[in-house]
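The structure under discussion appears below in the form of structure tokens.
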Amino acid sequence: VDKKFTSKFDVLAFLLSNVFATDDCATANQLGINVTHVDGICDAAIFNALPYETRCPESLFSVGTANQFRAYLDDVAPTVTCGFMDSDGNVSDTITINSDDSRSFVDT
């Protein structure tokens, strides 16, 4: 799936509206699909779609074979850190300015 999702609910809704169960002896209204999030986030989120038949739920043949789908799931918003970086790339609360560089420093 090329689409990117921001919640598991969105992935589940997308799959439920785009994945269909078929059977040689049951009609579409006698079939359903159970979609679950198996594991993973980002481009490694795995979802299972398990088809089932509603006519005989206790029958050995009432549940089909699960298919796995990979979706891009990013449900955590990015965090922003504002500050000065030291020479190692760590954020620091202070900065040292050379007197030669002070004329180009803007204090806001």
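What number comes out for accessible area per residue over region 1-54 if the probe is 1.4 Å? Units Å², please. Please list the in-between numbers first.
Values: 3470 Å² over 54 residues.
Heavy-atom SASA per residue in region 1-54 reads 64 Å².
Nearest 0.05, what FRET efficiency do V76 and N34 give at R0 = 41 Å with Cβ-Cβ as r?
Working: r = 26 Å, r/R0 = 0.63.
In this case the efficiency is close to 0.95.
Report the residues of region 29-48 in range of a label on V19: point 7 Å along Cα→C-beta, backbone N strictly under 17 Å from it.
31-48
The values are calculated or read from the model by the stated rules, or taken from the named source; none is laboratory data. Quick caveat: nothing in here was measured; it's all calculated off a predicted structure. Cβ sites come from the backbone with ideal geometry, for glycine too, and all protein chains shown count toward neighbours. Only protein heavy atoms, including side chains, enter the accessible area calculation; ligands, DNA and RNA are left aside. Shrake-Rupley method; radii C 1.70, N 1.55, O 1.52, S 1.80 Å.
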